[in-house]
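Contents: one structure, followed by commentary.
The values are calculated or read from the model by the stated rules, or taken from the named source; none is laboratory data. Predicted, not measured: the structure shown is a model, and the values here were computed from it. Quick reminder, even Gly has a Cβ in these numbers, built from the backbone with ideal geometry, and neighbours come from all protein chains shown. Just the protein is used for accessible areas: all its heavy atoms, side chains included, with ligands, DNA and RNA removed. Shrake-Rupley method; radii C 1.70, N 1.55, O 1.52, S 1.80 Å.
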Amino acid sequence: MNIPPAAEIDKELSRRSFYEFVKMAWPVLEPETEFKDGWHVQAICDHLQALADGSIKRLIINIPPGCTKSILSCVMWPAWLWTDRPATRFLTGSHSQTYSTRDALKSRRLLTSDWYQQRWGGIFVMTGDQNQKTRYENDKTGFRAAISVGTGTGDRAGIRILDDPLNADYANSRAQIDSTNEWLRNTWATRGSDPEKDCELLIMQRLHEQDPTGFSLAEFGGY
């Protein structure tokens, strides 16, 4: 697809830099909300880019609510990776299926937007037989599956993104904390596809010393 020279420059700039991609994609996803930059946005983007290029394999980001963490990590980042690596497979999760489905849908809307298709529409095509709210694929074998904490899945993915695995309403419930951490150990941690290449992101607000961040640091390490 032919695009104007200025758009070609934007395309290459945003392909190279996730931060630039975020600034350009923001009005596509949030046309009524002004993009508010900040040092934390740049820091998240830099670390996600390092995760993408293999400089980091396991990353934990602890950040309060309302800091655009979900739209950056769960919506824009997977779409950006498909601009260059459409065969990438994602498994995403949250404490609620509602939230994991919400972000998967937002990311799909970005992928199918005129803005995205004008720039990268020739790289891959979304497949019609696997194009659901919680699971969709492209013709380069890349896919995204969205699940919730406590559920199982047969999918394995090279990139796993876990956003707020513990509901803040249960931050003081030891039973809920233990249940979530057991799921992390027995289900989530086993859903990688290649230990030498896989990467993992945990992004959440801190809620308890033994919340998924504390548990992961003690149980798995390497973050």
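Identify the single condition in (1) within 21 Å of Glu200 (Cα to Cα); (2) outside any helix (DSSP H, G or I); (3) touching a strand residue (DSSP E or B) at 6+ places or on another chain (Cβ under 8 Å) that Phe124 does not satisfy, given that it satisfies every other one.
If we test Phe124 against (1) within 21 Å of Glu200 (Cα to Cα); (2) outside any helix (DSSP H, G or I); (3) touching a strand residue (DSSP E or B) at 6+ places or on another chain (Cβ under 8 Å), just (1) comes out false.
Given the conditions (1) at pLDDT 95 or above; (2) under 22 Å from Asp164 (Cβ atoms), report the number of the one that Pro27 does not fulfil.
Checking Pro27 against (1) at pLDDT 95 or above; (2) under 22 Å from Asp164 (Cβ atoms), the one that fails is (2).
Would you pick out the residues in the stretch 81-133 that are within 27 Å of Pro65 (Cα to Cα) and of a type in the set (Val, Ile, Thr)?
Once the filter is applied, which keeps residues that are within 27 Å of Pro65 (Cα to Cα) and of a type in the set (Val, Ile, Thr), the stretch 81-133 yields Thr92, Thr98, Thr101.
Scan (1) touching a Cys at 6+ places or on another chain (Cβ under 9 Å); (2) at pLDDT below 95 for the single condition Asp103 breaks and write down its number.
Exception for Asp103: condition (2).
What pairs can you find where one residue is in the stretch 186-211 and polar (S, T, N, Q), the other is assigned to a strand (DSSP E or B) and open to solvent by 30 Å² or more (accessible area, probe 1.4 Å), and their Cβ atoms are less than 8 Å apart, with a gap of 6+ or different chains?
Ser193/Arg89; Gln205/Asn62
Considering only the stretch 86-112, how many residues are part of a loop (DSSP other than H, G, I, E, B) and either in contact (Cβ under 8 Å) with a residue 60 or more places away in the chain or exposed (fewer than 15 other Cβ atoms within 10 Å of the Cβ) (or both)?
Pass one, the stretch 86-112, residues part of a loop (DSSP other than H, G, I, E, B): 86-88, 95-96, 112.
Right, trim to either in contact (Cβ under 8 Å) with a residue 60 or more places away in the chain or exposed (fewer than 15 other Cβ atoms within 10 Å of the Cβ) (or both) and you get 87-88, 95-96, 112.
Summing the residues that are part of a loop (DSSP other than H, G, I, E, B) and either in contact (Cβ under 8 Å) with a residue 60 or more places away in the chain or exposed (fewer than 15 other Cβ atoms within 10 Å of the Cβ) (or both) in the stretch 86-112 gives 5.
Looking only at helices (runs of 4 or more DSSP H) that lie completely in the stretch 11-82, which have at least 1 residues being more than 18 Å from Asp103 (Cα to Cα), of a type in the set (S, T, N, Q) and open to solvent by 20 Å² or more (accessible area, probe 1.4 Å)?
Of the helices (runs of 4 or more DSSP H) lying wholly inside the stretch 11-82, those with at least 1 residues that are more than 18 Å from Asp103 (Cα to Cα), of a type in the set (S, T, N, Q) and open to solvent by 20 Å² or more (accessible area, probe 1.4 Å) span 39-53.
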